[in-house]
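Values quoted throughout were computed directly from the atomic coordinates according to the rules given, and no laboratory measurement underlies them. In this text, all values refer to a predicted model and were calculated from it rather than measured experimentally. Because the Cβ atoms are built from the backbone with ideal geometry, glycine has one as well, and the counts that use them run over all protein chains shown.
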Amino acid sequence: MESDSPALVFSGLQGRSGSAANALQMYGRILFGASAMLFGVVSLIWRDSDMWQRLLPLHAPLGTIVGWCLVIAQIAGGIAMILPRTARPASIVIGAVYGLYVLSCVSSIVAAPAEPGGYINCFEQLAIVCGALAVYATSETDAARAIVLGRAARLGLGVCAVSFAWAQVVYLQYTASLVPTWIPPNRVFLTNLTTVAFALAAVAMLVNRQARLAMRLLAAMTALFGVLVWLPLIAAHPATLSNWSEVGENYLIAAAAWLVADLHWL
């Protein structure tokens, strides 16, 4: 792939328009937009959500004003993401919102550099930014710029996958406690297995070897987490808004991985 000129690679992409690949991208955008809306709505009605916690350094009324602006932008961006004609501006809005979330994590990292939670949260938000960047890249008419944006999204997602693997090592017992007991052989084994899967996906994306397959599998595994872990928790405790927030973020990351994988010129 590296031997092809950007224009030649990009023209190959354009030739695939109207194919099943574009349908897959559409489904990815729908999931991405719907998950952004869900996360925004949860933040709208739950003032203890992650979004409001990130705004704590901003005292009232500034924090409240910024929070409402971010919630409205996220919901509007999610709706616009679903519509093909407005996907490009939606990618800018959602990318900006989650880019601000990434920056908001810096204060917690600086305050407690030895605490892994700040880093893990930062890279979760960055993964969503990579998904927005992928949507923006698909609508970019400049071939060279589209390729650069796509590769940046792949590398960024690869770094995030490193963080996901590290998070499961650091929080092994907590992660294992989320695994349903009916899945054999046991919780710790499955947690270790998915940790290895995250690590292998990270390597594949960073060195660009079977990267697309790795991102597809990463998206599928993350989506499966939602089905096996968060949706049953919502069914059991529908009034617990933290579970709704978790499932929204879970599928934002799954959709982001799918959207980056759908960039055929990587």
Quiz item: In what sequence do MET205, MET51 fall when counting other Cβ within 10 Å, fewest first?
Solution: MET51, MET205
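By count of other Cβ within 10 Å, fewest leading, how are CYS105, CYS69, CYS130, CYS160 ordered?
Lowest to highest Cβ neighbour count: CYS69, CYS105, CYS130, CYS160.
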Exercise. Select from ASN22, ASN121, ASN208 the residue whose mean-square fluctuation is largest in a Gaussian network model of the chain (Cα-Cα springs shorter than 10 Å).
Key: ASN22
Exercise. Take every Cα pair under 8 Å in segment 142-205 that's 6+ residues apart, average their separations, divide by the length, and report that relative contact order as a whole percent.
Key: 45
Quiz item: Got a sec? How would HIS237, HIS264 order by Cβ neighbour count within 10 Å, fewest to most?
Solution: HIS237, HIS264
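Do me a favour and compute the ellipsoid semi-axes for the chain from its Cα gyration tensor, root of five times each eigenvalue, largest one first, whole Å.
Semi-axes (√(5λ), whole Å): 29, 23, 18.
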Quiz prompt | Estimated 222 nm signal from helices in the chain, with DSSP H stretches of n ≥ 4 weighted -39500 (n - 2.57), rounded to 500 | solution = -26000 deg cm²/dmol
Quiz prompt | Karplus (6.51, -1.76, 1.60) ³J(HN,Hα), θ = phi - 60°, over segment 232-243, in Hz, Gly and Pro reported as x | solution = x, 5, 5, 4, 7, 9, x, 7, 7, 5, 4, 5
Quiz item: Using the beta-carbon distance between GLN210 and TYR171 and R0 = 41 Å, what value does 1/(1 + (r/R0)^6) give for FRET efficiency, to the nearest 0.05?
Solution: 0.90
Exercise. Post the alpha-carbon centroid distance, segment 77-147 to segment 158-223, in whole angstrom.
Key: 21
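State to the nearest 20 debye the size of the charge dipole of the chain about its Cα centre, where the only charges are +1 on K and R beta carbons and -1 on D and E beta carbons.
Using Cβ point charges on Lys, Arg, Asp and Glu, the chain gives about 360 debye.
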Exercise. Return, for the Cα atoms of segment 100-226, the radius of gyration and Dmax in Å, separated by a comma.
Key: 16.0, 51
